[in-house]
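Enquirer: Have a look at the structure that comes next, please.
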Amino acid sequence: MKREILERLLAARTGREAVALVTDLATGEQRLVPRKNAANDPLAEQLDEAFRFDQSGSHDGQFINIHNPPLRLVVIGAVHIAQSVIPIAQQLGYDVTVIDPRGAFATGARFPGVALHADWPDEVIPQIGLDPRTALLALTHDPKIDDPALQAALNSDVFYIGALGSKKTQASRAQRLREAGFTDQQLARIHGPIGLAIGAKGAPEIAVSIMAEVTRALRLGE
């Protein structure tokens, strides 16, 4: 590998940028393709699938080596459903961050081994950043906590945004966000009511439906 390509690869890893290292198997020539530019590459279709499924492999005499940043899940609300979601997310390979300004909820005893922030989302999110390998769940039902997080997510390129609540709650939330300047097209990015419609009852089943929907968004872009 040429030094220039190695340096670019390391910089992409540091900056949480998804890239593919494409090697011509006949000549050994290599090129680095950022995901954001993959649509213009001769292997655009193969690269899109490889990025979405984190799957390296050979295509048309070239080897695609995918370098995706680790997956992250930002959970707004240290609530009981979060306690059910987090173990599933961790098994799926997500680094989990929980944000809740209510210190009585955001405790290490309730969320062991998880990055906890007992602060307001609009204080924490700019510090941790949001990117295309991040999903955000708003679970508190409290507009003062959820809405700033949703606004930050809508202004980012996270791959999934979900908000807990009924259809009525979702309609009220959407109206508040419209008044904050967001369009219906932007609001369509929010999955709410959150989770796949599988008839889930209770926190564990709701957690399954949420992470199933997150997975569908990650892999299929839906």
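Enquirer: Given the -39500 (n - 2.57) contribution per DSSP H run of 4+ residues, what per-residue ellipticity at 222 nm results for the chain, rounded to the nearest 500 deg cm²/dmol?
Expert: On the way: 8 runs with 90 residues, N = 222.
Value at 222 nm, helices only: -12500 deg cm²/dmol.
Enquirer: Oh, and also: Where does helix 167-179 land angle-wise versus the long Cα axis of the chain, in degrees 0 to 90, nearest 10?
Expert: So the helix axis and the longest Cα principal axis differ by about 70 degrees.
Enquirer: Separation between the Glu7 and Asp184 pseudo-spin-labels, each 7 Å from Cα along Cα→Cβ, expressed in nm?
Expert: Label-label distance for Glu7 and Asp184, simple model: 5.1 nm.
Enquirer: Ranked by Cβ crowding within 10 angstrom, fewest neighbours first, how are Asp146, Asp54, Asp60 ordered? Before the final figure, lay out the partial values.
Expert: Working: Asp146 23, Asp54 14, Asp60 10.
In order of increasing Cβ crowding within 10 Å: Asp60, Asp54, Asp146.
Enquirer: Still on this model: Looking at the chain as a GNM with Cα springs under 10 Å, which of Gln186, Gln170, Gln90 has the largest mean-square fluctuation?
Expert: Gln186
Enquirer: Check which residues have an amide H placed less than 5 Å from His59's amide H, if you skip close sequence neighbours.
Expert: The answer is Ile64.
Enquirer: For helix 202-220, report the angle its Cα long axis makes with the longest principal axis of the Cα atoms of the chain; keep it between 0 and 90° and round to the nearest 10°.
Expert: Its long axis makes an angle of about 30 degrees.
Enquirer: Further question on the same structure: Excluding residues on the same chain fewer than 8 positions from Lys167, give the lysines whose Cα lies under 18 Å from its Cα.
Expert: The qualifying lysines are Lys201.
Enquirer: Moving on. Quick one: P(r) of the chain from all Cα-Cα pairs, 10 Å bins, percents rounded to integers, in order of increasing distance.
Expert: Bins of 10 Å from zero give 8, 31, 31, 19, 9, 2, 0 percent of pairs.
Where a number appears in this text, it was derived from the coordinates with a stated rule and is not lab data. In this text, all values refer to a predicted model and were calculated from it rather than measured experimentally. Glycine gets a Cβ as well: all are built from the backbone with ideal geometry, and neighbour counts include every protein chain shown.
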